[in-house]
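This report refers to the structure that appears directly beneath it.
The values are calculated or read from the model by the stated rules, or taken from the named source; none is laboratory data. Here the structure is a predicted model, which is why all the values come from computation and not from measurement. Glycine also receives a Cβ, built like all others from the backbone with ideal geometry; neighbour counts cover every protein chain displayed. Protein only, heavy atoms only, side chains kept; ligands, DNA and RNA dropped before computing areas. Shrake-Rupley method; radii C 1.70, N 1.55, O 1.52, S 1.80 Å.
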Amino acid sequence: MKRYPIALLVVLGILMTACKKDIEIDYRQVSPLYAVEASVSNEGMQARISQTNDMDDNTTTSNISGATVVITGSDGTSVTLPYVSKGIYKSMTTGIPGVTYTIDIQIDGHHFTSSSTMQKMPTINQFHFIWKPIMKERFQMAELLFQDIANEDNWYFVHLYRNGKGFRWGVKRDDVDPNKELQQLFSFAREGSDDKDLLVEGDRMHLELRSIDQKTYDYFYSMQMMDNTGTNPIQNFTGGCLGYFSAYSQVTYDCVFHAADVEEKE
């Protein structure tokens with residue numbers, strides 16, 4: 001999920017001629033940008049700060065250790081997150097649903113801020129694997145059923161990990177079926193294919209279901225639509241950095257994939 005495209009101007013001249021010619025690519029240098037992934041949850045507060053590199057720099061993204069990171073709440077709380085390692089700042093202070101949190105980051109003359117309101121705890125009803133027929137073939141999928149938080153507008157983020165690595169993610173809102181059971185489907189691969197996304201016996205699966213606010217939903221939804229729009233996600237921070245800040249409540253579910261447990265679904 002950690003995808004931060006930079007708006008680089010790339011001019012590619014392709015000459016449709018019978019002779020072979022060298023293709024010259026011209027791009028302008030872009031100054032490194034800061035990227036932040038930060039959160040307040042029922043498990044604590046955390047921010048990871050890094051810096052992008054230019055197109056001709058093949059080194060890994062730089063982790064930032066010299067920032068001042070402060071998170072304040074509308075309830076009067078204020079926490080300065082100490083640096084841990086690898087660009088991560090962390091506190092065990094947990095968030096409170098209904099409180100709006102603001103993150104303030106000061107680094108090397110730059111100032112970035114964002115705010116998010118923590119939501120109530122979601123509830124997982126069922127998570128299982130299914131075979132779903134589509135046309136004349138069967139597809140391996142996962143189905144998550146969870147209960148919408150009643151009598152209020154809600155937005156959700158679901159992240160599925162496979163053997164410790166991010167595998168599938170999606171966002172959901174309750175505008176169609178408020179106060180009811182909601183469904184999130186993840187499609188993996190066609191039965192019998194050699195697709196590496198096809199789950200195999202013994203895969204360790206980890207699911208995170210978060211209730212998020214609308215601002216966070218809008219950010220992730222815009223990220224989900226990037227392939228269609230060809231644009232970057234909407235801005236979540238002031239000050240010009242990439243990334244997002246989200247206050248959320250989260251529940252998790254862990255299981256091991258067994259082929260014999262996959263259910264048939266019409």
Could you please find all residues in region 201-220 being buried (at least 18 other Cβ atoms within 10 Å of the Cβ) and assigned to a helix (DSSP H, G or I)? K215, T216, Y217, Y219, F220
For region 221-237, what are the residues that are assigned to a helix (DSSP H, G or I) and without any contact (Cβ under 8 Å) to a residue 40 or more places away in the chain? S222, D227, N228, T229
Could you tell me which numbered condition W155 fails, if it satisfies all but one of (1) on the phi > 0 side of the Ramachandran plot; (2) touching a helix residue (DSSP H, G or I) at 6+ places or on another chain (Cβ under 6 Å)? (1)
Mind listing whichever residues of region 94-120 are among the hydrophobic types (A, V, I, L, M, F, W, C), under 14 Å from S74 (Cβ atoms) and touching a residue at least 40 places away in the same chain (Cβ under 8 Å)? V99, I103, M118
The number of residues in region 99-140 that are open to solvent by 60 Å² or more (accessible area, probe 1.4 Å) and assigned to a loop (DSSP other than H, G, I, E, B) is 6
Take region 150-161 and flag every residue that is open to solvent by 10 Å² or more (accessible area, probe 1.4 Å) and either among the small types (G, A, S) or over 30 Å from K196 (Cα atoms) (or both). A150, N151, E152, D153, W155
Given N179, N154, which one is within 17 Å of V251 (Cα to Cα) and touching an Asp or Glu at 6+ places or on another chain (Cβ under 8 Å)? N154
Given (1) assigned to a loop (DSSP other than H, G, I, E, B); (2) in contact with a Pro (Cβ under 9 Å, 6 or more places away or on another chain), identify the lone condition not met by L198. (2)
Right, L15: touching a strand residue (DSSP E or B) at 6+ places or on another chain (Cβ under 9 Å) and modelled with pLDDT under 60 or not? no
Have a look at G87, G164 and point out the one that is on the phi > 0 side of the Ramachandran plot, in contact (Cβ under 8 Å) with a residue 24 or more places away in the chain and surrounded by 14 or more Cβ atoms within 10 Å (Cβ to Cβ). G87
Return the residues of region 174-194 that are open to solvent by 70 Å² or more (accessible area, probe 1.4 Å) and under 21 Å from H128 (Cα atoms); say none if nothing qualifies. K180, E181, Q183, R190, E191, G192
